[in-house]
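Accompanying notes for the structure given below.
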Amino acid sequence: MEAGVGLALQSRAVGFGSDRRRSALYGGEGRARIGSFRVADPAAFAAVRARGSKPVAPLRAKKSSGGHGTLHNSVDEALLLKRKSEEVLFYLNGRCIYLVGMMGSGKSTVGKIMSEVLGYSFFDSDKLVEQAVGIPSVAQIFKVHSEAFFRDNESSVLRDLSSMRRLVVATGGGAVIRPVNWKHMKKGLSVWLDVPLEALARRIAKVGTASRPLLDQPSGDPYTMAFSKLSMLAEKRGDAYANADVRVSLEEIASKQGHDDVSKLTPTDIAIESLLKIENFVIEHTVDNPVGDSQADSHVQRIQTL
């Protein structure tokens, strides 16, 4: 299905390809037509809606080397995650969720968990840009074209996704720097995964920076170089990330669980906290934009008794 979406977005690749190629994508040999995600590929749109309406897949806890205790914790996490998703769904009313945060903050991993338990579809905006321009990595797009070229296409992707419903979208680390992207994301709910820079630098240094064009350095200690660059990016983007509707601090989650290191958190831990913060946000704002007073009140009462 993502391949179909990528095809629909290819004609939107800013400055990419000839008119004949763009025209051929939509069956018009003699005229170019720049379509949109919503209009140009109704089949892809219908597929996303159909997928989003499917029942939530059952969560299965897998026993690991930790033995019975680990299995018990996994079951507890799965049940809590499922219950929290059911509560949040009442208020979401089909609105999309956009995950923002620094590169390496776990947006895709957490986003996939959230989409599964909510019965939503998941998209990675970087992957959609790669499909749209026909280049297999963001690093190569930066090298062949430019960062500005990538950002233009990123904005087009977010605009097209914002016309849809029941999606969890993992955005690129720099998506927050353009006000127009916030215009698109504010049609749904935005969630900032706030990870300490030290943890991000360790994570990125471990896997390498080749796939991250803004961090890739020819030499030097990987951790030191990653931390230095991440610090500069955080300085530029900090206020932009704060525009998100919800902030999920991994330090706060770790503190609540008695950990002194955020690396001990699981993606499920972060997904549960994200849903909890979303729930608090939408309940608070339901006062100003009620779903229906009696219905909302009864649901809040049900939540409080759980």
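The values are calculated or read from the model by the stated rules, or taken from the named source; none is laboratory data. Because the structure is a prediction, the values reported are computed rather than measured. Glycine also receives a Cβ, built like all others from the backbone with ideal geometry; neighbour counts cover every protein chain displayed. Calculation scope for accessible area: heavy atoms of the full protein, side chains included, ligands and nucleic acids excluded. Shrake-Rupley method; radii C 1.70, N 1.55, O 1.52, S 1.80 Å.
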Revision key, fill the gap. Checked the stretch 108-143 for anything at pLDDT 95 or above, of a type in the set (A, V, I, L, M), outside any loop (DSSP other than H, G, I, E, B) and open to solvent by 10 Å² or more (accessible area, probe 1.4 Å); matches are ILE113
Practice item. Taking the residues in the stretch 158-176 that are of a type in the set (A, V, I, L, M, F, W, C) and either touching an Asp or Glu at 6+ places or on another chain (Cβ under 7 Å) or surrounded by fewer than 17 Cβ atoms within 10 Å (Cβ to Cβ) (or both) as candidates, determine which candidate is farthest from VAL246 (Cα to Cα). Key: ALA175
